[in-house]
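Step one of this worksheet: look at the structure below.
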Amino acid sequence: MSEERYGEFVLVRRHGHVAELVLDRPKAMNAVSTEMARSLAGACAALAGDPAARVVVLTSSHERAFCVGADLKERNSFTDADLVRQRPVARAAYTGVLELPMPTIAAVHGFALGGGFELALSCDLIVADRTAVVGLPEVSVGVIPGGGGTQLLPRRVGAARAAELIFSARRVAAEEALRLGLVDQLAEEGRDREEALALGERIAGNSPVGLRAAKRALRLGHGLDLRAGLEVEDAAWRSVAFSGDRAEGVAAFNEKRKPEWPGE
């Protein structure tokens, strides 16, 4: 396993074709400061361009929290001009995770609040353990979810449920979160990372070309009418139909062996 650090607060660990993107600011429960946001965006840019990374798993180095959101202590010192200057830096961190071209999985334990939950929502799948507490409490401090929450949450749970959760600013414990669809898989306490990495390993065994095209079709087709969505799917299919991965996948199936994906 190799490691690469991006700034002081973000770490990338390699587990074969699974890249573990670690939020590593434990002294602040991974509160997202300007520096951390910049590092997260940089790590995501590097991963997006890395063909060896077939799956990304977003994890936390803190024992009791995934991420508690924006660094409000830093924000408290900001002038209005500071806040304006920081906004594109913060947005780049959230969109960096959201726009990763390969499948992404968040491993959540403890608190995932505000921007922390938005980072998880930016992933395709969320594995949480039984200690997880999630929520978007921004209106309780005079702002709104600004890391994608008002758009990502209703796509998961529907407009009315998202409105209730955002307007009430309430925190949701793990079992209710699973029932409402706020998370996708519930692990025993302390096993969220292990199960997310195992899921990532299973996914990474499939064609990297197919995985990226499937994600593109899912993302671009969401919210379109059926006819338009099927055109998105057809374009994605055409992008893989004549690929080396498609040829290898068919050959391996017929030869009853494990594929060796060229990734192109």
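The values are calculated or read from the model by the stated rules, or taken from the named source; none is laboratory data. None of the values given here were measured: they were computed from a predicted structure. So basically every Cβ, Gly included, is an ideal-geometry build from the backbone, and we count neighbours across all protein chains shown. Accessible surface areas use protein heavy atoms only, side chains included; no ligands, DNA or RNA. Shrake-Rupley method; radii C 1.70, N 1.55, O 1.52, S 1.80 Å.
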For the chain, with a Gaussian network of springs between Cα atoms less than 10 Å apart, report the residue from Ala28, Ala228, Ala90 with the top mean-square fluctuation. Ala228
Non-local amide H neighbours of Phe66 (under 5 Å, H modeled in plane, Pro and chain starts lacking H): which ones? His109, Phe111, Ala112
If contacts are Cα pairs under 8 angstrom and at least 6 residues apart, what is the relative contact order of the range 1-123 in percent? 28 percent
Answer in debye to the nearest 20: the dipole magnitude of the chain about its Cα centre, from +1 Lys/Arg and -1 Asp/Glu charges placed on Cβ, is 240 debye
At a 1.4 Å probe radius, carbon and sulfur cover how many percent of the accessible area of the range 1-44? 50 percent
Taking every alpha carbon pair in the range 107-234 and sorting the distances into 10 angstrom bins from 0 up to the bin holding the longest one, the percent per bin comes out as 13, 38, 33, 16, 1
Helix-derived [θ] at 222 nm for the chain: sum -39500 (n - 2.57) over DSSP H runs of at least 4, divide by residue count, nearest 500? -14500 deg cm²/dmol
Per the 1/(1 + (r/R0)^6) rule, R0 = 22 Å and r from the Cβ atoms of Glu63 and Glu35, FRET efficiency to 0.05 is 0.50
Read through the labelled values (1) 40, 29, 16; (2) 32, 21, 18; (3) 34, 31, 15 and report the label of the one computed as semi-axes √(5λ) of the Cα gyration tensor in Å from the structure. (2)
Over the range 110-264, with neighbouring protein chains present, the accessible area per residue in Å² at probe 1.4 Å is 54 Å²
Hand me the trypsin sites (Lys or Arg not before Pro) from the range 222-264 located in a DSSP loop with no more than 15 other Cβ atoms within 10 Å, in residue order please. Lys256, Arg257
Nearest 0.05, what FRET efficiency do Arg170 and Arg75 give at R0 = 25 Å with Cβ-Cβ as r? 0.70
Loop only per DSSP, at most 15 neighbouring Cβ atoms within 10 Å: give me the GluC sites (Glu not before Pro) in the range 120-226, ordered by residue number. Glu188, Glu189
